[in-house]
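The values are calculated or read from the model by the stated rules, or taken from the named source; none is laboratory data. Bear in mind that the values here come from a model prediction, so they are computed numbers and not experimental data. Counting neighbours? That spans all protein chains shown, and the Cβs are built from the backbone with ideal geometry, glycine included.
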Amino acid sequence: MNEVLQKLSAIGIVPVVVINDVEKAVPLAKALVAGGLPCAEVTFRTAEAEEAIKRIAAEVPECIVGAGTVLTTEQADRAVAAGAKFLVSPGFNRKIVDYCNEKGYLITPGTSRPSDVEQAIEAGLEVIKFFPAEAAGGLPMIKAMCGPYTNVKFMPTGGINASNINNYLAYDKIICCGGSWMVKSDLINNGQFDKIKDLCIEAVETMLGFTFAHVGINSENADVAAATAKRFSDIFGFEYDEHNSAIFAGKGIEVRKQMFLGKNGHVAIKTNNVERAIRYLKDVKGVEFDESSATVKNGKTTAIYLKEEIGGFAVHLVQ
């Protein structure tokens with residue numbers, strides 16, 4: 001997959017923004033980065049879009065900026081010259097797609113029906129937009145089209161928000177989703193960049209769903225583990241639940257029957273999707289993982305440890 005598409009896939013959510021005042025472009029981009037969504041699709045619906053892209057690309061290079069609503073080859077040239085790393089169009093215009101392919105521009109044109117998808121395949125595209133997502137049939141329509149078109153991946157946009165984002169992202173044919181609920185025009189126009197940052201943080205939290213799962217306690221042997229777990233159960237009434245390698249006291253305390261990872265033990269963090277969380281934490285947060293620790297079921301990673309210890313604790317993600 002194209003490097004830019006890989007980065008957008010790791011981020012998961014692409015804020016779709018309309019900029020009416022070019023002075024808002026840089027502080028907006030900085031808010032997106034601070035909120036954990038370091039990318040933006042700046043729509044070419046306004047006269048300020050080209051200059052906004054130029055300023056973001058120059059002053060906030062950590063933000064992957066692209067151009068949306070690209071309707072002509074001239075707009076494609078202007079957007080790329082301004083610094084756009086990717087182009088998005090609402091529909092499938094073969095003239096524009098062929099032009100972008102010839103120029104080496106990354107474009108994800110809009111599709112909403114099988115005939116659009118077939119044109120995209122013929123044009124050699126690996127990722128296409130699905131627009132307007134909810135109005136065009138939503139996730140069921142994407143799944144239906146992926147039946148005959150098995151090698152295409154989608155970036156749906158239109159009607160996607162905090163309440164349905166995870167339904168889309170759970171499907172492995174979707175690399176990311178475009179959305180505007182965290183960057184509404186009134187927030188941008190009023191300069192409410194702290195609010196935008198907070199909404200981006202909420203969007204990331206919704207997407208990844210990180211929550212505490214349990215803490216692991218290392219023990220010298222099975223007898224020590226049993227005594228520890230029993231004490232927690234006796235005092236707090238937690239259920240004593242013995243497994244092959246560990247004993248649980250309730251759902252939140254795992255007492256290992258042997259010394260295990262982590263100087264002080266380990267902490268497990270639950271997430272909606274381990275593989276998406278890995279991509280996000282690697283690319284956006286710079287977190288490193290111990291690949292040898294991964295648990296894989298049915299071809300999907302369901303658990304993995306970070307390379308680093310935090311406060312003397314090993315940390316792992318679990319599905």
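Just a few scattered comments:
- Of the helices (runs of 4 or more DSSP H) entirely within the range 92-177, those holding at least 3 residues that are assigned by TED's automatic domain parsing to the domain that holds residue 74 and of a type in the set (A, V, I, L, M) occupy 114-122, 138-146.
- Matching option when the condition is surrounded by 13 or more Cβ atoms within 10 Å (Cβ to Cβ) and either farther than 19 Å from residue 316 by Cβ or among the aromatic types (Phe, Trp, Tyr) (or both), among 232, 236: 232
Yes/no per residue for (1) in a loop (DSSP other than H, G, I, E, B); (2) modelled with pLDDT of 95 or more; (3) basic (Lys, Arg); (4) closer than 17 Å to residue 177 by Cα:
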site: 7; (1), (2), (3), (4): no, yes, yes, yes
site: 26; (1), (2), (3), (4): no, yes, no, no
site: 40; (1), (2), (3), (4): no, yes, no, yes
site: 65; (1), (2), (3), (4): no, yes, no, yes
site: 80; (1), (2), (3), (4): no, yes, no, no
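- Condition met for residue 88 (in contact with a Pro (Cβ under 8 Å, 6 or more places away or on another chain) and of a type in the set (A, V, I, L, M)): yes
- Filter result for residue 257 (buried (at least 17 other Cβ atoms within 10 Å of the Cβ) and touching a residue at least 12 places away in the same chain (Cβ under 8 Å)): yes
- Checked against the criteria, residue 142 counts as buried (at least 16 other Cβ atoms within 10 Å of the Cβ), touching a Phe, Trp or Tyr at 6+ places or on another chain (Cβ under 6 Å) and among the aliphatic types (A, V, I, L, M).
- Odd one out for residue 77, checked against (1) without any contact (Cβ under 8 Å) to a residue 60 or more places away in the chain; (2) crowded, with 24+ Cβ neighbours inside 10 Å: (2)
- Candidates 189, 167, 221: the one that is closer than 25 Å to residue 311 by Cα, surrounded by fewer than 14 Cβ atoms within 10 Å (Cβ to Cβ) and at pLDDT 95 or above is 221.
- Looking across the range 56-74, the residues that are surrounded by 24 or more Cβ atoms within 10 Å (Cβ to Cβ) and either under 15 Å from residue 45 (Cβ atoms) or more than 20 Å from the chain's Cα centre (by Cα) (or both) come down to 56, 66, 67, 68, 70.
- Filtering the range 284-297 to residues that are buried (at least 17 other Cβ atoms within 10 Å of the Cβ) and over 12 Å from residue 317 (Cβ atoms) leaves only 284.
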